[in-house]
Amino acid sequence: MEKLKETTSILFSTHVLHDAEEICEDIFIIKGGKVIVEGNLKELQKKYQRPTIYLETEQPLDQWCYSLKKMDWIRNMNGNEYQLTITVKDIDEARDFLISNDGLRKLKLVNFEVVKTTLEDLFMEVTKE
């Protein structure tokens, strides 16, 4: 498909959004028979980007998470005992705070990842009611 798309326009209809993300340059999201979002994939990802940080620790995060609740840069937090996904308003402020946080260091950080918005994330955002 990569070679073919150099000389031809291809209409690729799929529910496998990861495949569409790998192949497509322009995206149309249809809901109820109507196009609700259309545009260049990179531009759409930028427009709907929700800066997110994923944390994983060796020690339970439960108590430490309570200290984050008052932070105004947090949009949303989801997780379990050892993993936490934090959607933030300002990725730089969040990263700086978390990297320098002694409480987080004591939990023996295993993974710290800044996550980019995927096409599936974008789809879920624009199709929710």
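Observations on the structure shown:
- Boolean, K70 is at pLDDT below 90 and outside the structural domain of H15 (by TED's automatic domain parsing): yes
- Meets criteria (outside the structural domain of I91 (by TED's automatic domain parsing) and at pLDDT below 90) for E38: no
- So F97, is it surrounded by 11 or more Cβ atoms within 10 Å (Cβ to Cβ) and assigned by TED's automatic domain parsing to the domain that holds G32: no
- Residues that are within 20 Å of the chain's Cα centre (by Cα) and touching a residue at least 24 places away in the same chain (Cβ under 8 Å) are absent from the range 6-16.
- Meets criteria (more than 23 Å from V37 (Cβ to Cβ), surrounded by fewer than 16 Cβ atoms within 10 Å (Cβ to Cβ) and under 13 Å from the mean Cα position of the chain (by Cα)) for V110: no
- Number of residues in the range 26-81 that are closer than 28 Å to N101 by Cβ, touching a residue at least 24 places away in the same chain (Cβ under 8 Å) and over 19 Å from the mean Cα position of the chain (by Cα): the value is 8.
- Complete set of residues in the range 30-44 that are closer than 16 Å to T117 by Cα and touching a helix residue (DSSP H, G or I) at 6+ places or on another chain (Cβ under 9 Å): V37, G39, L41, L44
- Spans of strands (runs of 3 or more DSSP E) in the range 9-78 with at least 2 residues surrounded by fewer than 15 Cβ atoms within 10 Å (Cβ to Cβ) and on the phi > 0 side of the Ramachandran plot: none
The values are calculated or read from the model by the stated rules, or taken from the named source; none is laboratory data. Only a predicted model underlies this, so the values are computations on that prediction, with no experimental measurement involved. With ideal geometry, Cβ positions are generated from the backbone for all residues, glycine too; neighbour counts draw on all protein chains shown.
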